[in-house]
Amino acid sequence: MRQVKSTGKPLDLDDDEHCSVVMATETMKVRVEGKFRQRERKLMILLIHSVWDDIGRKRIHEVDIELVKQVFRDIAGVQSFNSWLYEYLGNLANVLITIEQGKSYEWISLFASIGFDDDQQKVHFEIPKRIETILKNPSQFARLDTYFVIGLKGKYSVSLYQFLESKVNMWRFDPTKTTEEQERFFLVELDELRKWMGIDSQYKLWGDFNRFALTPAVEEINSNPIASTFTVRTEIVRGARNKVKAIKFFLTKTSERLRIEQKIKTTKQSRENAAGSLVPPFSGTAIYEKAKTVANGLDVYILEKEWRAYARETNEPVKNPERAFLGFVKVRTRSC
């Protein structure tokens, strides 16, 4: 288990930080006694994101209703609210999370309680401790762009985006590990996909499901790859009697997402290399790119470990870690 963090302040539209929320895969597999449409999904994500730092610290959370409405106005273009907030909060009260572990099943309410005050100034809700643990320490999760989710228009776009985002960080979608583009896919049984997208009795025929649910959702996600940070292509897999059995999803990350992921990976590597060292971690990742230009093909991360071990042995103060490391790399490569 690993503790993860969300970013940005979703109720502050002037905040410059990228607005993303981490949703445990378990919390996206839902069983509903009633309605759980796209707007309920959006509202759930916004509420959880808005109190992220207080989850596990407070039992009852409060959110200003006007701020929630403002986000839906500005991001989703919702102008007329009327009684929709009352209705959708009521629907969220009936959401059950289904956790499957082998042949064991567990159902947990997403919210222990949810509602708003008499003056309709604040939404108040309680998250069960079991859900708090799942949210903050997920075994598998998707990092969702909160505003991208709220801005989606399609009836099934939100659920499909959540589903794909929970898969796109699998190793097979890393072009450095899976060099053949045709191999960068995952396969999902059609019945399982219908569950993920919240489609039970509707569109039983493949043609209807594809035309009215899957294709529109795929097209909307692909219409804004800058926000979604990936594009998706599908292929059908047929079984007996030529019946559609499963879908292959081919996912391609944008170059910007790959760049950010590499930076995160490099920063993590830097912290690990600096653990137990007398020299603090580098202030940024640019030093690695500089080191690669003079390393003559040697692994700069291994060289960093060697340099830090050398610094520990000499026990001399290092005033400029980046400059000292670069000098070490130049000397080290000349000796090869």
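The values are calculated or read from the model by the stated rules, or taken from the named source; none is laboratory data. All values derive from a computational prediction rather than experimental measurement. All Cβ positions, even for glycine, are placed from backbone atoms using ideal geometry, and neighbour counts span all protein chains on display. These area figures cover heavy atoms from the full protein model, side chains too; ligands, DNA and RNA do not enter into them. Shrake-Rupley method; radii C 1.70, N 1.55, O 1.52, S 1.80 Å.
The number of residues in the stretch 206-222 being surrounded by 17 or more Cβ atoms within 10 Å (Cβ to Cβ) and more than 17 Å from Arg238 (Cα to Cα) comes to 6. Of all residues in the stretch 165-188, at least one satisfies being in contact with a helix residue (DSSP H, G or I) (Cβ under 7 Å, 6 or more places away or on another chain), closer than 24 Å to Val95 by Cβ, open to solvent by less than 80 Å² (accessible area, probe 1.4 Å) and of a type outside the set (A, V, I, L, M). The residue that is nearest to the chain's Cα centre (by Cα), counting only those in the stretch 112-143 that are under 28 Å from Ala217 (Cβ atoms) and assigned to a helix (DSSP H, G or I), is Leu135. Under the condition of being open to solvent by 70 Å² or more (accessible area, probe 1.4 Å) and of a type in the set (A, V, I, L, M), the residues counted in the stretch 68-92 number 0. For the stretch 189-231: of the residues being of a type in the set (A, V, I, L, M, F, W, C) and over 19 Å from the mean Cα position of the chain (by Cα), which is modelled with the lowest pLDDT? Going through the qualifying residues, I end up with Ile199. Selection of first residues in the stretch 93-118 that are within 13 Å of Arg130 (Cβ to Cβ) and open to solvent by 70 Å² or more (accessible area, probe 1.4 Å) and of second residues that are at pLDDT below 80 and part of a strand (DSSP E or B), restricted to Cβ pairs under 6 Å at least 6 apart or on distinct chains, gives the following pairs, ordered by first then second residue: Trp107/Thr98. Can you find, within the stretch 29-42, the residue that is modelled with the highest pLDDT among those that are surrounded by 21 or more Cβ atoms within 10 Å (Cβ to Cβ) and part of a helix (DSSP H, G or I)? The residue in question is Lys42. Can you pull out the residues in the stretch 301-310 that are open to solvent by less than 70 Å² (accessible area, probe 1.4 Å) and either in contact with a Phe, Trp or Tyr (Cβ under 9 Å, 6 or more places away or on another chain) or among the charged types (D, E, K, R) (or both)? Residues satisfying the conditions are Tyr301, Leu303, Glu304, Glu306, Trp307, Arg308. Could you grab me the full set of residues in the stretch 81-90 that are modelled with pLDDT of 80 or more and either outside any helix (DSSP H, G or I) or hydroxyl-bearing (Ser, Thr, Tyr) (or both)? If the condition is that a residue be modelled with pLDDT of 80 or more and either outside any helix (DSSP H, G or I) or hydroxyl-bearing (Ser, Thr, Tyr) (or both), then Tyr86, Tyr88 are the ones that fit. Scoring Thr133 on the criteria (1) closer than 23 Å to Thr252 by Cα; (2) out of contact with any Ser or Thr (no Cβ under 9 Å at 6 or more places or on another chain); (3) not aliphatic (A, V, I, L, M) leaves a single failure, condition (1).
The single condition among (1) touching a strand residue (DSSP E or B) at 6+ places or on another chain (Cβ under 9 Å); (2) surrounded by 14 or more Cβ atoms within 10 Å (Cβ to Cβ) that Gln140 does not meet is (2). Look at the stretch 315-336: where a residue is among the hydroxyl-bearing types (Ser, Thr, Tyr) and a partner is open to solvent by 50 Å² or more (accessible area, probe 1.4 Å) and at pLDDT below 85, sitting 6+ places away or on another chain with Cβ atoms under 9 Å, you get Thr333/Asn296; Thr333/Gly297; Thr333/Leu298.
Taking first residues from the stretch 287-301 that are under 15 Å from Ala324 (Cα atoms) and without any contact (Cβ under 8 Å) to a residue 40 or more places away in the chain and partners that are open to solvent by 60 Å² or more (accessible area, probe 1.4 Å) and part of a helix (DSSP H, G or I), the Cβ contacts under 6 Å between residues at least 6 apart in sequence or on separate chains come to Val294/Lys330; Val300/Lys292. Counted as qualifying within the stretch 144-232 are the helices (runs of 4 or more DSSP H) with 2 or more residues that are without any contact (Cβ under 8 Å) to a residue 12 or more places away in the chain, namely 190-196, 206-209, 215-222.
When the criteria are applied in full, Leu13 fails the requirement of being open to solvent by less than 20 Å² (accessible area, probe 1.4 Å), more than 26 Å from Glu192 (Cβ to Cβ) and not in a strand (DSSP E or B).
Phe125 meets all of the listed conditions (1) under 30 Å from Tyr203 (Cβ atoms); (2) surrounded by 12 or more Cβ atoms within 10 Å (Cβ to Cβ) but one, namely (1). For the stretch 43-67, a residue qualifies if it is surrounded by fewer than 16 Cβ atoms within 10 Å (Cβ to Cβ) and without any contact (Cβ under 8 Å) to a residue 60 or more places away in the chain, and the qualifying residues are Asp53, Asp54, Arg57, Lys58, Asp64, Glu66. Among the residues of the stretch 91-111, is there at least one that is in a helix (DSSP H, G or I) and under 20 Å from Val158 (Cβ atoms)? Scanning the stretch 91-111 turns up at least one residue that is in a helix (DSSP H, G or I) and under 20 Å from Val158 (Cβ atoms).
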